[in-house]
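The block underneath contains the structure these notes are about, expressed in structure tokens.
The values are calculated or read from the model by the stated rules, or taken from the named source; none is laboratory data. Predicted, not measured: the structure shown is a model, and the values here were computed from it. Positions of Cβ are generated from backbone atoms using ideal geometry, with glycine treated the same way; all protein chains shown enter the neighbour counts. What goes into the accessible areas is simple: the full protein's heavy atoms, side chains included, and nothing from ligands, DNA or RNA. Shrake-Rupley method; radii C 1.70, N 1.55, O 1.52, S 1.80 Å.
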Amino acid sequence: MEGIVLALFLCLILALVTKYLSIPPIPFYIIGGVLLGKSGFALVTSDEISRFFAQMGLIFLLFFMGLGLKLERIAANRSAVLTSGIIDLNINMLIGFVAAYMFGFSIIESLVIASAFYISSTAMTITSLVENRKLMMREAETVIWLMVFEDLVLILFLAIISAGDQNPLLFLLKIAGVLAILYAVAHYGKEFLINLLDRSDELPILFTFGAVLTTASFSMYLGVPETMMVIALGAALATTDPDAFEQHARPFKDVFLVVFFVFFGITINLASGVNMVMILFISLLAVVSKFISGILTGIFIHESALAGIEIWGNTIGRGEFSIAIAALYGSPLVATTIAGMVIVTSIIGAFTAKYCTGMRKWMAAPWRRKSSYHSHSR
Amino acid sequence: MVLRSVNLPGVGTKYEFETDKGDIVAIFFTKTGTIQMYTLQQGCNTPSAAEMSPMEARRLGNILTGAIIEAEAESVEIAFSALADLRITIHTYLIPKEITGKTIEDLQIRSKTGVTVIAVSRKDKNIINPPPSFVFETNDAVVVIGETDQLKRFEREVMVD
């Protein structure tokens, strides 16, 4: 228990400092955890309570993501979501997978690394778009829909990898069953839920917490992935009053997620033959790979490679979802690799998000001069 | 002018419109509660942005809808176009030392100026429709309703008594 208090206190200080400097806090929570844990000063070890808190953090992160998934809105923006999403998925998954496989990871491990390598941090991306006042740019909208597509891929990934060696038909039936229950509750209980959320006493927050926990434990009991089911719960409840649910779930997410990050850092074991050069190489490759997908997206969506620099600059940071994948499916070595990648890319990403508009202008200047010889039509 | 609104997942709601002259204004209500306003002049590539708190955004809205906001005290003019263009102004004032301790009746506010004191805000408390026996204290914020001329008379004859 003292361990959690010490870890949370450190995170509080880190949160204050990173907010003051307006840089993403996630990498620093992990570094803080590494320093507190067995690879650092060995002050804190994870126990039953911290594991429960960390798991809550993961579950609330995914529930929150589900609340943001409004399927009819995604369907309405299909073309915008699909083109950029497919470019991003193919390029980054492929490069990530090949790199991991070449470094001697098994196929499954490489797949886990590739997914973490592919998925950008939605939290960091959105925060940087708002803080750097880029919301009006055309590229911002592309980036935002890219994040939605990545969320969808994550759901698919969770389903595939957790199916494991179960009977696929039975597994699908179970998932469909839980989904049907969730959507039926959201559909037929809509009036009731909206009235409940309107109350000013403890009921709305108690219901939100209870619904998430019940769904998670019920899924575990049935043997379907609880991660996927809490996302589905979020998506189902988003058909009632998503803003109210966000408001009631936010305190849980904010606190538990910090515990999740710091204890992820605490459990990292740097002594187990970690190849720092390899981690650095994969991390830098993660920056390069988003550059390639960004430029291609720029060309295909905005008809300008330079627009791709803006997309690249805002999507470099890997964060919460990569860590979630590492915590769920990573062996110690895989988890450490992903942690390193998150730390490096999110710190580089914080800078590129701030300065990529300037970089784009600087690159546009000589290009314009040259191209003006060829065409005066612009 | 075409106004378009989009809901951006994870960010909030965006309102964007292009003026007849080709300038673009975009407003974002973000999930964090702040409001960002971008303006992009025609022929220009980089927008300029301002971030506002909800309170600041409301004040900007007041200015844009045509209500007059003055430096130290605020006033809002409401026009009822259906009622023969009836115009009523609501104005706030801070009570100066000179009239501290006097009542609304003592000052003969209604009969002398025509305006009505509809509310008084004292520290954190609000008094709606104060009675004629109400005693003013220094730094009370009073909300007064009347026509523009009546309010001018109020400023001249009561506030500098």
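Taking only the C-alpha atoms, wrap a convex hull around the range B:75-157 and report its volume per residue in Å³ as a whole number.
Residue-normalised Cα hull volume stands at 97 Å³.
If you take the beta carbon distance between A:ILE161 and B:GLU77 as r and set R0 to 41 Å, what does 1/(1 + (r/R0)^6) give as a FRET efficiency, to the nearest 0.05?
The value I calculate is 0.05.
Place a +1 charge on the Cβ of each Lys and Arg in chain B and a -1 charge on the Cβ of each Asp and Glu, then give the dipole magnitude about the Cα centre in debye, rounded to the nearest 20.
Once rounded to the nearest 20, the dipole reads 360 debye.
Rg (Å, one decimal) plus Dmax (Å, integer) for the alpha carbons of the range B:2-64?
Spelled out, the Cα radius of gyration and Dmax of the range B:2-64 are 12.0, 32 Å.
With all protein chains present, calculate the accessible area of A:PHE192 using a 1.4 Å probe and round the result to the nearest 10 Å².
Here the accessible area works out near 130 Å².
When only the heavy atoms of the protein chains count and the probe is 1.4 Å, how do A:TYR188, B:TYR93, A:TYR355 rank by accessible area, highest first?
Descending order: A:TYR188, A:TYR355, B:TYR93.
What part of the accessible area of the range B:2-64, given as a whole %, is carbon or sulfur when the probe is 1.4 angstrom?
Heavy-atom surface of the range B:2-64 belonging to carbon and sulfur, 1.4 Å probe: 55 percent.
Is it possible to state the helix-based mean residue ellipticity at 222 nm for chain B, with each DSSP H run of 4+ residues giving -39500 (n - 2.57), the sum divided by total residues, to the nearest 500 deg cm²/dmol? What is it?
-5000 deg cm²/dmol
State the extension gain, in nm to one decimal, for the chain segment bounded by B:THR100 and B:VAL2, taking 0.36 nm per residue of separation less the distance between their alpha-carbons.
The B:THR100-B:VAL2 span can extend by a further 30.0 nm.
Would you mind calculating the relative contact order of chain A from Cα pairs under 8 angstrom and at least 6 residues apart, reporting the percent as a whole number?
Relative contact order of chain A: 31 percent.
When only DSSP loop residues count, what trypsin sites (Lys or Arg not before Pro) in the range B:91-161 have their Cβ near at most 10 other Cβ atoms within 10 Å?
Sites meeting the loop and neighbour criteria: B:LYS123.
Among A:SER110, A:SER84, A:ALA307, which residue has its Cα furthest toward the positive end of the charge dipole of chain A, with +1 on Lys/Arg Cβ and -1 on Asp/Glu Cβ?
Farthest towards the positive pole: A:ALA307.
Which FRET efficiency value, to the nearest 0.05, is calculated for B:ASP149 and B:THR92 with the Förster distance at 25 angstrom and r the Cβ-Cβ distance?
Step by step, r from the Cβ atoms, then E = 0.85.
Any chance you could look up the accessible area of B:SER133 with a 1.4 Å probe, heavy atoms only, rounded to 10 Å²?
Near enough 80 Å² of accessible area.
To the nearest 10 square angstrom, how much accessible area does B:VAL115 have with a 1.4 angstrom probe?
The accessible area comes out at roughly 0 Å².
Can you list the residues of the range A:136-170 whose accessible area drops by at least 10 Å² going from the chain on its own to the full set of protein chains, with a 1.4 Å probe?
With the partner chains in place, the range A:136-170 has these residues losing at least 10 Å²: A:MET136, A:MET137, A:GLU141, A:ILE144, A:TRP145, A:VAL148.
Where the accessible area of the range A:2-365 is counted over protein heavy atoms with a 1.4 Å probe, how much of it, in %, is carbon and sulfur?
Carbon with sulfur: 71 percent of the solvent-accessible area.
Please find, in a Gaussian network model of chain A (springs between Cα atoms separated by less than 10 Å), the residue of A:SER120, A:SER331, A:SER283 whose mean-square fluctuation is greatest.
Largest GNM mean-square fluctuation: A:SER331.
Full extension from A:TYR221 to A:LEU284: what is 0.36 nm times the residue separation minus their Cα-Cα distance, to one decimal in nm?
Here the segment from A:TYR221 to A:LEU284 would lengthen by 18.6 nm.
Compute the acute angle (0 to 90°) between the alpha-carbon long axis of helix B:148-157 and the principal axis of greatest extent of the alpha-carbon atoms of chain B; round to the nearest 10°.
50 degrees
For chain A, set up a Gaussian network in which alpha carbons nearer than 10 Å are linked by springs, and say which option among A:GLU202, A:GLU226, A:GLU246 fluctuates the most.
A:GLU202
Can you tell me the relative contact order of chain B? Whole percent, Cα pairs under 8 Å, sequence separation 6 or more.
Relative CO of chain B lands at 14 percent.
Of the residues A:GLY330, A:GLY210, A:GLY96, which exhibits the maximal mean-square fluctuation in a Gaussian network model of chain A defined by a 10 Å Cα contact cut-off?
Looking only at A:GLY330, A:GLY210, A:GLY96, the biggest GNM fluctuation is shown by A:GLY210.
What spacing in nm lies between the two simple spin-label points modelled at A:ALA176 and A:LEU6, each 7 Å away from Cα in the Cβ direction?
5.2 nm
Would you please name the trypsin sites (Lys or Arg not before Pro) within the range A:189-255 that are DSSP coil residues with at most 13 other C-beta atoms within 10 Å of their C-beta?
The qualifying sites are A:ARG199.
Based on the Cβ-Cβ distance of A:GLN247 and A:THR45, what FRET efficiency does E = 1/(1 + (r/R0)^6) give at R0 = 41 Å, to the nearest 0.05?
My answer for the efficiency is 0.75.
Per DSSP H run of n ≥ 4, the term is -39500 (n - 2.57); total these for chain A, divide by its residue number, and report the mean residue ellipticity at 222 nm rounded to 500 deg cm²/dmol.
Roughly -27500 deg cm²/dmol at 222 nm, from the helical runs in chain A.
With unit charges on the beta carbons (Lys and Arg positive, Asp and Glu negative) and the dipole taken about the Cα centre of the range A:2-365, which residue among A:TYR101, A:LEU43, A:ALA335 sits farthest to the positive side?
Checking the options against the dipole of the range A:2-365, the answer is A:TYR101.
Summarise the accessible area of the range B:98-161 (1.4 Å probe, protein heavy atoms) by the percent that is carbon and sulfur.
Summing carbon and sulfur atoms, their accessible area is 48 percent of the total for the range B:98-161.
Calculate the all-directions average of the projected area of the protein assembly as shown's alpha-carbon convex hull, and give it in nm².
Computing the convex hull of the Cα atoms and averaging its projections yields 34.0 nm².
Output ³J(HN,Hα) for the range B:93-101: one whole-Hz value per residue in order, computed from phi by the Karplus curve 6.51 cos²θ - 1.76 cosθ + 1.60 with θ = phi - 60°, and x for Gly and Pro.
Coupling constants for the range B:93-101: 9, 9, 6, x, 4, 4, 9, 4, x Hz.
Would you list B:ASP106, B:ASP20 from the most to the least accessible area, probe 1.4 Å?
B:ASP20, B:ASP106
Between chains A and B, what is the buried accessible area in Å², counting both sides, with a 1.4 Å probe and ligands, DNA and RNA left out, to the nearest 100?
1700 Å²
Tell me, what is the per residue accessible area of the range A:2-365 in Å², probe radius 1.4 Å?
Ligands and nucleic acids excluded, the result is 44 Å² per residue.
Ignoring ligands, DNA and RNA, how do B:VAL6, A:VAL277, A:VAL44 rank by accessible area with a 1.4 Å probe, largest first?
Order by accessible area, largest first: A:VAL277, B:VAL6, A:VAL44.
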